[in-house]
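A short reminder: the numbers here are calculations on the coordinates, not readings from a lab. As the structure is a computational prediction, the values presented were derived from the model and not from experiment. Cβ atoms come from the backbone with ideal geometry, glycine included; neighbour counts cover every protein chain shown.
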Amino acid sequence: MRYLENRERSAEFLRLALELMARQAAGLHPMSYTLWYEHVAGINPPLSKVLESRQHANQPLSEDEVYELHARYVVARDIEVLERLQRKLRDLLEEAAQTAAAAVESTGQYSATLQETRSALEGAVNLDSVHALIAELMRETARMHSATQTVTERLDARTQEVRALTRQLEQAQTEALLDPLTGLKNRRGLERAVEELARSQEAILGAALLVADIDNFKEINDNHGHLLGDKVLRGVAQLIQSNIKGRDLAARLGGDEFAVLLQRTTLEGACTLAEQIRSAISGGRFRRGDGKQLPGSVSLSVGVAAGVSGDTLESLLARADAALYEAKREGRNRVSTVPGPA
């Protein structure tokens, strides 16, 4: 969604939103800010109804509740906007097709009139008859010119509308499929990408999936604040993105969990990349808002699974998740795999 408030008005909304955010149990991060900004701006009535109910009951929002409300009232709303734009675009194209069909019909009628006039001229017996036929032909020509001009103007107008809608559609689609904090695809974006693979004759068979989780991320938030937590999430996302290439896809599944879909990659190759990413994260350093370095290092646990015949994204995710939990049980900061289905 595009926010149209000017600088002064948005600054006032910022002040009001921060005041309300400070009363919540959740962190002061972009998802929480989006909820309260849209509430104080009065641009999301269904969300405001829920938030006002929680305020009246004096029930602060938890971290999980912020993510759930964001998905339900912000992400879902953006997807609804996308679908509405798609419907409007289809209607415009249908109207343009009908206009073009009407133009073809008018052209056919004019052609018939010309043929009739020609035949009548061959049988005209006096000058008055000829004048009458010419006058009728001139009227029909003027009507045809007017109809053609109207059709041209309508088609030009529809073309401009289609172009504008296409731009809005592209923007809405991008916003609906991306995670606002990291810029990676969100879960729906990953699902959509897999659907496109299926349509293009590609398949999960022959692909591999990495599911990564930041170790002890809650402690980072609790001990150093959500601003640093968000910085860590963005840093991890950037390192993951910089280590993949081509048509490989990186996504943030939610919270501190990430996924990478590697096309045409063996389990061995996927494990090598997973270790490369894990090592890069472990060797990185993050700084707090005061410039001081975060004590210790940030680490990832990674689960890896390879696609097999009959796999769906959900079944592949389930196996990669199982591998991730195995890595956690083995001590974290490592890469683990689980056997594929028999």
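At-a-glance table
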| read-out | value |
| --- | --- |
| Local net charge near residue 41, Cβ-Cβ under 10 Å (Lys/Arg +1, Asp/Glu -1) | -2 |
| Relative packing of 45-51, 242-248, 268-274, which averages over residues the other C-beta atoms within 10 Å, highest first | 268-274, 45-51, 242-248 |
| In sequence order, calculated HN-Hα J values of the stretch 248-253 (Karplus, 6.51, -1.76, 1.60; Hz; x Gly/Pro) | 5, 10, 10, 9, 9, 6 |
| Nitroxide proxy distance, nm - points 7 Å out along Cα→Cβ at residue 192 and residue 205 | 2.8 |
| Nitroxide proxy distance, nm - points 7 Å out along Cα→Cβ at residue 5 and residue 67 | 2.7 |
| Among 181-192, 216-227, the order from most to least packed when residues are scored by Cβ within 10 Å on average | 181-192, 216-227 |
